[in-house]
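**Q** Sharing a structure, written as structure tokens. Questions coming.
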Amino acid sequence: MRLPDDDEIYDVDQTYLGPPGYYIGRLRYRMIAVTPVMVLLGLAFLIKTGIGFTLLSVVLTVLIALRLSQWIVDKTTHERPIGVLMTTFWHELTATRLPVRGQQARCPAAFRRRTTAIGADHTLPIGRRRWRSYANQQAITRTAVREGE
């Protein structure tokens, strides 16, 4: 079991408090290294997907990169570096899993049966015809009117 370090000096040593005379907030040193990498990956994603560099897309990319960097920095410590986090993520993605019976998606009824052709006889009684039969009747009357013209 790992206990968090409650030493304030150790906590201050991990953070950058800004230039002398200015306070920009507490910023962890690891975040200074992780954030530019995440922003560059986000910009490469914008180029690859063809979204382009608009003000909205760049601002959202930077904000998402900042939040993702904060998450990465929170999940990593000196005992568990970023490389271990990435390796664990990769192993979770590529792990072999046992097939589970009964949880596969069933094919809907619309894809199991053939649809009727225009003008084909319907097996349903007249009182229980579906909307498709009405659409077929309308198509038949349209073609009959066109042929009669």
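**Q** Among the residues of region 43-55, what is the count of those that are part of a helix (DSSP H, G or I) and within 19 Å of the chain's Cα centre (by Cα)?
**A** Final tally of qualifying residues: 7.
**Q** Would it be correct to say that Leu40 is closer than 26 Å to Tyr16 by Cβ and assigned to a helix (DSSP H, G or I)? Lay out the reasoning, then the answer.
**A** Working: closer than 26 Å to Tyr16 by Cβ: yes; assigned to a helix (DSSP H, G or I): yes.
In short, yes.
**Q** Please indicate, with yes or no, whether at least one residue in region 111-118 is basic (Lys, Arg), at pLDDT below 65 and part of a helix (DSSP H, G or I).
**A** Within region 111-118 (the criterion being basic (Lys, Arg), at pLDDT below 65 and part of a helix (DSSP H, G or I)), the answer is yes, since at least one residue qualifies.
The values are calculated or read from the model by the stated rules, or taken from the named source; none is laboratory data. It should be emphasised that the depicted structure is a prediction, and the values quoted were computed from it without experimental measurement. Reconstructed Cβ throughout: ideal geometry from the backbone, glycine too, with neighbour counts over all protein chains shown.
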